[in-house]
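The values are calculated or read from the model by the stated rules, or taken from the named source; none is laboratory data. Bear in mind that the values here come from a model prediction, so they are computed numbers and not experimental data. When we count neighbours, we look across all protein chains shown, and the Cβ atoms used for this are built from the backbone with ideal geometry, even at glycine.
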Amino acid sequence: MLRGEHIGETTFIVDDMVCRYCKDMVVRLVTSINGVHRVNINIPEKTINVAYDSRITDAYVIQMALLKAGYKTIEEPRRIY
């Protein structure tokens, strides 16, 4: 459960995420990162919104996991505080 000041939330735009298979793979990948609590994906908008415990992980770790998995067209994350 996320509470107060330790909530981190970021949104990535991934241009090469185009199908349900991509969505399923990204959900599995991102939710496997320690500290991630929620992942919402919008395929038509090509966005990934992630909520996480900022004491455990951050947007950079999530972005690097996506890059390592082959999602190379990633915009800098937009952070929501």
Going through the stretch 56-68 one residue at a time, which ones are modelled with pLDDT under 95 and either part of a loop (DSSP other than H, G, I, E, B) or at positive phi (or both)? Asp58
What number of residues in the stretch 42-55 are within 20 Å of His6 (Cβ to Cβ) and part of a loop (DSSP other than H, G, I, E, B)? 2
Tell me, yes or no, whether the stretch 40-52 has at least one residue that is modelled with pLDDT of 95 or more and at positive phi. no
In the stretch 52-73, the residues that are of a type in the set (A, V, I, L, M, F, W, C), surrounded by fewer than 17 Cβ atoms within 10 Å (Cβ to Cβ) and in contact (Cβ under 8 Å) with a residue 40 or more places away in the chain: Ala69
Those residues that are assigned to a strand (DSSP E or B) and either surrounded by fewer than 18 Cβ atoms within 10 Å (Cβ to Cβ) or in contact with a helix residue (DSSP H, G or I) (Cβ under 6 Å, 6 or more places away or on another chain) (or both), I need them from the stretch 4-41; list them, please. Ile7, Thr10, Thr11, Ile13, Val36, His37, Arg38, Val39, Asn40, Ile41
